[in-house]
1. I'd like to know if the range 69-82 contains one or more residues that are at pLDDT below 90, part of a helix (DSSP H, G or I) and touching a Lys or Arg at 6+ places or on another chain (Cβ under 8 Å).
2. It is to be established whether one or more residues within the range 1-13 are modelled with pLDDT of 70 or more, surrounded by 11 or more Cβ atoms within 10 Å (Cβ to Cβ) and β-branched (V, I, T).
3. Name the residue, out of R50, R41, R25, R57, that is outside any helix (DSSP H, G or I), basic (K, R), surrounded by fewer than 19 Cβ atoms within 10 Å (Cβ to Cβ) and modelled with pLDDT of 85 or more.
4. I'd like to check something: does the range 52-71 contain any residue that is aromatic (F, W, Y) and over 14 Å from the mean Cα position of the chain (by Cα)?
Amino acid sequence: MIGVAIALLVAWGVLIAALAILRPRGGLLREALRLLPDVLRLVRRLAADRTLPRGVRVRLGLLLIYLATPFDVVPDFIPVLGYADDAIVVTAVLRSVVRRSGLEAVRRHWPGTEDGFAVLCRLTGLR
């Protein structure tokens with residue numbers, strides 16, 4: 001029993017370290033949190049787009065499941081950090097999606113403003 005608890009704590013620590021490595025740099029995390037509603041609509045639209053590769057749609061579907069489940073790496077009741085992990089996971093998945101499906105697909109489905117799209121491009125590493 002103690003071994004299982006220790007293994008779970010180690011796994012949680014590894015996930016926290018991965019989130020720290022994948023986090024957006026240069027103050028972009030705050031902007032990512034502001035964009036979260038638009039990004040969620042984007043993810044839903046991209047997941048429903050049958051023209052995208054199947055692997056991309058699967059990643060997006062898994063992301064939506066992760067966001068819908070009440071269990072997170074960092075619980076949402078922890079101020080700031082609770083929602084920051086969601087923003088980091090969304091950013092990491094979107095980086096992968098944009099690199100695989102291209103900027104045009106994301107641009108076509110973006111529901112927000114041009115400024116928001118510029119922030120999204122910075123978050124995903126697009127120029």
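1. Looking only at the range 69-82, we keep the residues that are at pLDDT below 90, and these are 69-82.
Subsequent filtering for residues that are part of a helix (DSSP H, G or I) retains 81-82.
Pick out the ones that are also touching a Lys or Arg at 6+ places or on another chain (Cβ under 8 Å) and you get none.
Among the residues of the range 69-82, not one is at pLDDT below 90, part of a helix (DSSP H, G or I) and touching a Lys or Arg at 6+ places or on another chain (Cβ under 8 Å), which makes the answer no.
2. The answer is no, given that none of the residues of the range 1-13 is modelled with pLDDT of 70 or more, surrounded by 11 or more Cβ atoms within 10 Å (Cβ to Cβ) and β-branched (V, I, T).
3. Numbers: R41 fails: outside any helix (DSSP H, G or I); R25 fails: modelled with pLDDT of 85 or more; R57 fails: outside any helix (DSSP H, G or I).
None of the other options fit; the residue is R50.
4. So the first thing to find is which residues in the range 52-71 are aromatic (F, W, Y), and the list is 66, 71.
If we keep only those that are over 14 Å from the mean Cα position of the chain (by Cα) as well, we get 71.
Yes; the residues of the range 52-71 include at least one that is aromatic (F, W, Y) and over 14 Å from the mean Cα position of the chain (by Cα).
The values are calculated or read from the model by the stated rules, or taken from the named source; none is laboratory data. This is a predicted model, so every value here is computed, not measured. Note that we place each Cβ from the backbone using ideal geometry, even for glycine, and neighbour counts take in every protein chain shown.
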